[in-house]
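**Student:** Could you have a look at this structure, given as C-alpha coordinates, before my questions?
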Amino acid sequence: MEIVPAPTRDAAVALTAKLIESRLRDKPNLVLGLATGRTMEEVYARLVASGVSFARCTTFNLDEYVGLPPEDPNSYAAYMRHHLFDHVDIDPARINLPDGMADDLSVAAADYERRIAGAGGIDLQLLGIGEAGHIGFNEPLSALRSRTRDKILTPVTRAQNAGMFGGDPDAVPKRALTMGVETILESRELVLLASGRAKASVVAKAVEGPLTARISASAIQLHTHCKVILDDEAASDLEGLAYYREVCRNEEKWDPYRSLL
Ligand code: GLP
(Lines give C-alpha, C1' and ligand atoms only; values in the text may rest on other atoms or scores of the structure.)
Protein backbone atom coordinates (compact mmCIF):
# COMPACT_ATOMS: atom_id res chain seq x y z
CA MET A 1 0.00 0.00 0.00
CA GLU A 2 1.29 3.47 -0.85
CA ILE A 3 0.06 6.47 1.11
CA VAL A 4 0.25 9.60 -1.03
CA PRO A 5 -0.24 12.74 1.07
CA ALA A 6 -1.15 15.78 -1.02
CA PRO A 7 -1.02 19.29 0.47
CA THR A 8 -4.57 20.30 -0.41
CA ARG A 9 -7.89 18.82 -1.45
CA ASP A 10 -7.45 20.25 -4.94
CA ALA A 11 -4.04 18.61 -5.31
CA ALA A 12 -5.36 15.23 -4.07
CA VAL A 13 -8.27 15.38 -6.51
CA ALA A 14 -6.04 16.51 -9.41
CA LEU A 15 -3.56 13.72 -8.71
CA THR A 16 -6.33 11.10 -8.68
CA ALA A 17 -7.78 12.40 -11.95
CA LYS A 18 -4.33 12.46 -13.57
CA LEU A 19 -3.64 8.87 -12.57
CA ILE A 20 -6.92 7.69 -14.11
CA GLU A 21 -6.28 9.80 -17.21
CA SER A 22 -2.82 8.29 -17.63
CA ARG A 23 -4.16 4.71 -17.25
CA LEU A 24 -6.80 5.49 -19.91
CA ARG A 25 -4.21 6.93 -22.29
CA ASP A 26 -1.94 3.89 -21.78
CA LYS A 27 -4.82 1.42 -22.22
CA PRO A 28 -7.84 2.90 -24.05
CA ASN A 29 -9.87 -0.29 -23.44
CA LEU A 30 -9.35 0.02 -19.67
CA VAL A 31 -11.88 -1.69 -17.40
CA LEU A 32 -12.47 1.06 -14.88
CA GLY A 33 -14.24 0.67 -11.54
CA LEU A 34 -16.04 3.84 -10.47
CA ALA A 35 -17.17 5.27 -7.15
CA THR A 36 -19.71 7.89 -6.18
CA GLY A 37 -19.94 10.45 -3.37
CA ARG A 38 -19.06 14.11 -3.06
CA THR A 39 -15.33 13.41 -3.05
CA MET A 40 -15.49 12.02 -6.58
CA GLU A 41 -17.45 14.87 -8.15
CA GLU A 42 -14.35 16.99 -8.73
CA VAL A 43 -12.37 13.98 -9.96
CA TYR A 44 -14.97 13.46 -12.69
CA ALA A 45 -15.05 17.19 -13.49
CA ARG A 46 -11.29 17.09 -14.05
CA LEU A 47 -11.49 13.93 -16.15
CA VAL A 48 -14.13 15.57 -18.35
CA ALA A 49 -11.97 18.70 -18.67
CA SER A 50 -8.92 16.59 -19.61
CA GLY A 51 -10.64 15.53 -22.83
CA VAL A 52 -9.40 11.94 -22.43
CA SER A 53 -11.40 9.45 -24.49
CA PHE A 54 -13.64 6.86 -22.84
CA ALA A 55 -14.75 5.45 -26.21
CA ARG A 56 -13.24 2.01 -25.61
CA CYS A 57 -13.41 2.04 -21.81
CA THR A 58 -15.75 -0.28 -19.89
CA THR A 59 -16.97 0.88 -16.47
CA PHE A 60 -18.33 -0.89 -13.42
CA ASN A 61 -19.73 1.13 -10.55
CA LEU A 62 -19.22 -0.10 -7.03
CA ASP A 63 -22.80 0.10 -5.89
CA GLU A 64 -26.37 1.26 -6.37
CA TYR A 65 -29.27 1.90 -4.00
CA VAL A 66 -31.98 -0.74 -3.92
CA GLY A 67 -35.36 0.55 -5.07
CA LEU A 68 -34.18 3.63 -6.97
CA PRO A 69 -34.63 3.34 -10.75
CA PRO A 70 -31.85 4.75 -12.94
CA GLU A 71 -34.08 7.75 -13.76
CA ASP A 72 -34.33 8.72 -10.08
CA PRO A 73 -32.09 11.77 -9.61
CA ASN A 74 -30.70 10.26 -6.39
CA SER A 75 -29.70 6.97 -7.99
CA TYR A 76 -26.02 6.40 -8.60
CA ALA A 77 -26.87 5.84 -12.28
CA ALA A 78 -28.12 9.45 -12.39
CA TYR A 79 -25.08 10.66 -10.42
CA MET A 80 -22.77 9.05 -12.95
CA ARG A 81 -24.64 10.51 -15.94
CA HIS A 82 -24.64 13.94 -14.36
CA HIS A 83 -20.97 13.99 -13.35
CA LEU A 84 -19.30 11.91 -16.06
CA PHE A 85 -21.16 9.84 -18.64
CA ASP A 86 -23.15 12.70 -20.23
CA HIS A 87 -19.94 14.65 -20.81
CA VAL A 88 -17.58 12.05 -22.31
CA ASP A 89 -17.59 9.81 -25.39
CA ILE A 90 -18.31 6.59 -23.47
CA ASP A 91 -20.32 3.88 -25.25
CA PRO A 92 -23.51 3.42 -23.16
CA ALA A 93 -23.30 -0.34 -23.81
CA ARG A 94 -20.03 -0.40 -21.84
CA ILE A 95 -21.50 1.23 -18.70
CA ASN A 96 -22.34 -1.15 -15.84
CA LEU A 97 -24.04 -0.51 -12.51
CA PRO A 98 -25.63 -3.07 -10.18
CA ASP A 99 -29.38 -3.37 -10.82
CA GLY A 100 -30.98 -2.15 -7.63
CA MET A 101 -34.44 -2.59 -9.18
CA ALA A 102 -34.08 -6.33 -9.83
CA ASP A 103 -36.88 -8.58 -8.52
CA ASP A 104 -34.24 -10.97 -7.27
CA LEU A 105 -31.23 -9.11 -5.92
CA SER A 106 -29.11 -12.24 -5.54
CA VAL A 107 -29.61 -13.02 -9.24
CA ALA A 108 -28.68 -9.43 -10.12
CA ALA A 109 -25.61 -9.70 -7.86
CA ALA A 110 -24.43 -12.93 -9.50
CA ASP A 111 -25.04 -11.37 -12.92
CA TYR A 112 -22.88 -8.38 -11.96
CA GLU A 113 -20.03 -10.67 -10.94
CA ARG A 114 -20.37 -12.49 -14.29
CA ARG A 115 -20.24 -9.21 -16.19
CA ILE A 116 -17.07 -8.16 -14.38
CA ALA A 117 -15.45 -11.53 -15.10
CA GLY A 118 -16.68 -11.37 -18.72
CA ALA A 119 -14.92 -8.01 -19.15
CA GLY A 120 -11.68 -9.64 -18.02
CA GLY A 121 -11.78 -8.19 -14.49
CA ILE A 122 -11.31 -4.60 -13.36
CA ASP A 123 -7.99 -2.93 -14.20
CA LEU A 124 -8.33 0.08 -11.92
CA GLN A 125 -10.90 0.49 -9.16
CA LEU A 126 -11.47 3.97 -7.77
CA LEU A 127 -12.59 4.03 -4.11
CA GLY A 128 -13.86 6.54 -1.61
CA ILE A 129 -14.29 5.77 2.06
CA GLY A 130 -17.42 6.21 4.12
CA GLU A 131 -17.37 7.45 7.70
CA ALA A 132 -18.44 3.92 8.72
CA GLY A 133 -15.19 2.67 7.20
CA HIS A 134 -16.85 1.18 4.17
CA ILE A 135 -15.61 0.76 0.62
CA GLY A 136 -18.52 0.54 -1.80
CA PHE A 137 -21.38 -0.13 0.60
CA ASN A 138 -19.55 -2.86 2.51
CA GLU A 139 -20.82 -1.87 5.91
CA PRO A 140 -19.12 -2.98 9.17
CA LEU A 141 -18.79 -6.77 9.50
CA SER A 142 -18.94 -7.30 5.75
CA ALA A 143 -16.95 -10.47 5.15
CA LEU A 144 -13.52 -9.72 3.80
CA ARG A 145 -14.24 -12.42 1.21
CA SER A 146 -17.69 -11.08 0.27
CA ARG A 147 -18.92 -10.87 -3.32
CA THR A 148 -21.54 -8.56 -4.83
CA ARG A 149 -24.72 -8.70 -2.74
CA ASP A 150 -27.28 -6.45 -1.06
CA LYS A 151 -26.43 -4.83 2.26
CA ILE A 152 -28.48 -2.94 4.83
CA LEU A 153 -26.99 0.53 5.33
CA THR A 154 -25.90 1.69 8.78
CA PRO A 155 -27.41 4.82 10.36
CA VAL A 156 -23.96 6.47 10.02
CA THR A 157 -23.98 5.90 6.26
CA ARG A 158 -27.57 7.03 5.85
CA ALA A 159 -26.80 10.21 7.82
CA GLN A 160 -23.63 10.79 5.77
CA ASN A 161 -25.51 10.41 2.48
CA ALA A 162 -28.63 12.33 3.58
CA GLY A 163 -27.43 15.50 1.83
CA MET A 164 -28.51 14.06 -1.51
CA PHE A 165 -31.96 13.31 -0.06
CA GLY A 166 -32.95 16.74 1.21
CA GLY A 167 -30.97 16.25 4.44
CA ASP A 168 -33.33 13.53 5.71
CA PRO A 169 -31.55 10.26 6.67
CA ASP A 170 -34.93 8.47 6.62
CA ALA A 171 -35.27 9.32 2.92
CA VAL A 172 -32.03 7.44 2.13
CA PRO A 173 -32.79 3.92 0.89
CA LYS A 174 -32.25 1.25 3.52
CA ARG A 175 -30.40 -1.16 1.25
CA ALA A 176 -27.87 -1.12 -1.54
CA LEU A 177 -26.41 -3.62 -3.96
CA THR A 178 -22.63 -3.44 -3.68
CA MET A 179 -19.53 -5.16 -5.00
CA GLY A 180 -18.12 -7.31 -2.22
CA VAL A 181 -14.80 -6.73 -0.48
CA GLU A 182 -13.23 -9.63 -2.33
CA THR A 183 -14.69 -8.43 -5.65
CA ILE A 184 -12.93 -5.10 -5.02
CA LEU A 185 -9.68 -6.76 -3.98
CA GLU A 186 -9.59 -8.72 -7.25
CA SER A 187 -9.16 -5.47 -9.20
CA ARG A 188 -5.64 -5.20 -10.55
CA GLU A 189 -5.10 -1.75 -9.05
CA LEU A 190 -6.87 0.25 -6.33
CA VAL A 191 -6.86 4.01 -5.86
CA LEU A 192 -8.60 5.27 -2.73
CA LEU A 193 -9.17 9.01 -2.40
CA ALA A 194 -10.22 10.70 0.83
CA SER A 195 -10.37 14.35 1.80
CA GLY A 196 -11.46 16.39 4.77
CA ARG A 197 -11.12 16.23 8.55
CA ALA A 198 -14.25 14.08 8.91
CA LYS A 199 -12.39 11.19 7.24
CA ALA A 200 -9.11 11.45 9.22
CA SER A 201 -9.97 8.97 11.96
CA VAL A 202 -11.45 6.32 9.69
CA VAL A 203 -8.56 6.67 7.21
CA ALA A 204 -6.07 6.07 10.04
CA LYS A 205 -8.03 3.00 11.15
CA ALA A 206 -8.22 1.67 7.60
CA VAL A 207 -4.55 2.05 6.72
CA GLU A 208 -2.73 1.80 10.07
CA GLY A 209 -5.20 -0.13 12.18
CA PRO A 210 -5.61 -3.88 12.28
CA LEU A 211 -7.21 -5.69 9.37
CA THR A 212 -10.80 -6.03 10.49
CA ALA A 213 -14.23 -6.64 9.01
CA ARG A 214 -15.44 -3.78 11.24
CA ILE A 215 -13.65 -1.38 8.85
CA SER A 216 -14.04 -2.93 5.42
CA ALA A 217 -11.60 -0.38 3.97
CA SER A 218 -8.83 -2.01 6.05
CA ALA A 219 -8.97 -4.88 3.53
CA ILE A 220 -7.03 -2.73 1.07
CA GLN A 221 -3.96 -3.55 3.21
CA LEU A 222 -4.07 -6.97 1.49
CA HIS A 223 -3.76 -5.49 -1.99
CA THR A 224 -0.35 -5.43 -3.70
CA HIS A 225 -1.05 -2.46 -6.00
CA CYS A 226 -2.96 0.08 -3.96
CA LYS A 227 -2.58 3.83 -3.59
CA VAL A 228 -4.29 5.95 -0.93
CA ILE A 229 -4.37 9.60 -1.95
CA LEU A 230 -5.14 11.99 0.91
CA ASP A 231 -5.39 15.71 1.42
CA ASP A 232 -3.74 17.27 4.49
CA GLU A 233 -6.89 16.97 6.60
CA ALA A 234 -7.70 13.35 5.78
CA ALA A 235 -4.05 12.43 6.49
CA SER A 236 -3.90 14.30 9.79
CA ASP A 237 -4.42 11.31 12.13
CA LEU A 238 -1.78 9.09 10.52
CA GLU A 239 1.05 8.16 12.88
CA GLY A 240 3.46 7.42 10.03
CA LEU A 241 2.76 10.54 7.99
CA ALA A 242 6.36 11.85 7.99
CA TYR A 243 7.59 8.51 6.67
CA TYR A 244 4.91 8.31 3.95
CA ARG A 245 5.92 11.82 2.79
CA GLU A 246 9.57 10.75 2.74
CA VAL A 247 8.74 7.69 0.61
CA CYS A 248 6.82 9.81 -1.91
CA ARG A 249 9.65 12.34 -2.10
CA ASN A 250 12.08 9.57 -3.00
CA GLU A 251 10.00 7.58 -5.47
CA GLU A 252 10.86 8.51 -9.05
CA LYS A 253 7.47 7.41 -10.30
CA TRP A 254 5.98 10.45 -8.58
CA ASP A 255 8.30 12.85 -10.45
CA PRO A 256 5.72 13.71 -13.15
CA TYR A 257 3.29 14.67 -10.38
CA ARG A 258 5.73 16.61 -8.15
CA SER A 259 3.83 19.89 -8.47
CA LEU A 260 0.84 18.20 -6.79
CA LEU A 261 2.73 16.62 -3.89
C1 GLP B 1 -21.07 6.44 -0.59
C2 GLP B 1 -20.51 5.40 -1.55
C3 GLP B 1 -19.09 5.07 -1.17
C4 GLP B 1 -18.28 6.33 -0.97
C5 GLP B 1 -18.89 7.20 0.09
C6 GLP B 1 -18.09 8.47 0.35
O7 GLP B 1 -21.38 5.86 0.64
N8 GLP B 1 -21.27 4.21 -1.58
O9 GLP B 1 -18.52 4.28 -2.21
O10 GLP B 1 -16.99 5.99 -0.59
O11 GLP B 1 -20.17 7.52 -0.39
O12 GLP B 1 -18.86 9.60 0.20
P13 GLP B 1 -18.31 11.08 0.19
O14 GLP B 1 -17.30 11.18 -0.89
O15 GLP B 1 -19.53 11.90 -0.10
O16 GLP B 1 -17.72 11.33 1.52
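**Student:** ³J(HN,Hα) across the range 233-246 via Karplus (A = 6.51, B = -1.76, C = 1.60, θ = phi - 60°), whole Hz, x for Gly/Pro?
**Tutor:** Residue by residue, the range 233-246 yields 6, 5, 8, 5, 9, 6, 5, x, 3, 4, 5, 4, 5, 4 Hz.
**Student:** Among 220-226, 254-260, 76-82, how do they line up from the highest to the lowest mean number of other beta-carbon atoms within 10 Å?
**Tutor:** 76-82, 220-226, 254-260
**Student:** Could you give the size of the charge dipole of the range 89-240 about its Cα centre, using +1 on the Cβ of each K and R and -1 on the Cβ of each D and E, expressed in debye and rounded to the nearest 20?
**Tutor:** Result for the range 89-240 is approximately 340 debye, rounded to the nearest 20.
**Student:** Suppose a student asked you for the relative contact order of the range 3-58, using Cα pairs under 8 Å spaced at least 6 residues apart; what percent would you report?
**Tutor:** Result for the range 3-58 is 46 percent.
**Student:** Compute the Cα gyration tensor for the range 139-261, then decide on rounded, prolate or oblate, letting a ≥ b ≥ c be the square roots of its eigenvalues: rounded whenever a/c is under 1.5, prolate when a/b is larger than b/c in the other cases, and oblate in all that remain.
**Tutor:** prolate
**Student:** In what order, largest first, do LYS253, LYS227 sit by accessible area if the probe radius is 1.4 Å?
**Tutor:** Order by accessible area, largest first: LYS253, LYS227.
**Student:** Calculate, in nm to one decimal, what ASP104 and THR8 gain on full extension: separation in residues at 0.36 nm each, minus their alpha carbon distance.
**Tutor:** 30.2 nm
**Student:** Bin by bin, in steps of 5 Å, what percent of the Cα pairs in the chain do you find, going until the bin that has the longest distance?
**Tutor:** Values per bin, smallest distances first: 1, 6, 14, 19, 20, 19, 13, 6, 2, 0, 0.
**Student:** Please report how many Lys pairs in the chain have alpha carbons closer than 25 angstrom, counting only residues at least 8 apart along the chain or sitting on separate chains.
**Tutor:** For the chain, qualifying lysine pairs total 13.
**Student:** Which order do peptides 64-75, 190-201, 166-177 fall in by mean Cβ count within 10 Å, highest first?
**Tutor:** My ranking of the peptides, most packed first, is 190-201, 64-75, 166-177.
**Student:** Can I ask one more? Can you tell me how the range 73-220 classifies by the Cα gyration tensor, rounded, prolate or oblate, using a/c under 1.5 as the rounded cut?
**Tutor:** Here the range 73-220 falls in the rounded category.
**Student:** With a 10 Å cut-off between alpha carbons and a GNM built on the chain, which of SER236, SER22, SER218 moves the most?
**Tutor:** Maximum among the listed residues: SER22.
**Student:** Could you identify which residue out of ARG147, ARG46, ARG38 has the top mean-square fluctuation in a GNM of the chain using Cα springs shorter than 10 Å?
**Tutor:** Looking only at ARG147, ARG46, ARG38, the largest GNM fluctuation is found for ARG38.
**Student:** Karplus couplings for the range 43-54 from phi (6.51 cos²θ - 1.76 cosθ + 1.60, θ = phi - 60°), rounded to Hz, Gly and Pro as x?
**Tutor:** Once rounded to whole Hz, the list reads 4, 5, 4, 6, 5, 4, 5, 5, x, 5, 7, 10.
**Student:** Could you work out which residue, out of LEU211, LEU124, LEU62, moves most in a Gaussian network model of the chain, that is, has the largest mean-square fluctuation with Cα springs under 10 Å?
**Tutor:** LEU211
**Student:** Please report the relative contact order for the chain, taking Cα pairs under 8 Å with a sequence separation of at least 6, and give it as a percent rounded to a whole number.
**Tutor:** Taking the mean separation of contacting Cα pairs over the length of the chain, I get 25 percent.
**Student:** Determine the distance separating the Cα centre of the range 1-25 from the Cα centre of the range 174-198; give it in Å without decimals.
**Tutor:** 16 Å
**Student:** Would you work out the charge dipole size for the range 2-260 about its Cα centre, treating the Cβ of every Lys and Arg as +1 and the Cβ of every Asp and Glu as -1, and quote it to the nearest 20 debye?
**Tutor:** Value, rounded to 20: 340 debye.
**Student:** Per 0.36 nm of contour for each residue apart, how much would the distance between GLU246 and ASP89 grow if the chain were fully extended, relative to their Cα-Cα spacing?
**Tutor:** Separation in residues times 0.36 nm, less the Cα-Cα distance, equals 52.6 nm.
The values are calculated or read from the model by the stated rules, or taken from the named source; none is laboratory data. Nothing here was measured: the structure is a model prediction, and the numbers come from that model. Note that we place each Cβ from the backbone using ideal geometry, even for glycine, and neighbour counts take in every protein chain shown. Heavy atoms of the whole protein, side chains included, go into the accessibility calculation; ligands, DNA and RNA do not. Shrake-Rupley method; radii C 1.70, N 1.55, O 1.52, S 1.80 Å.
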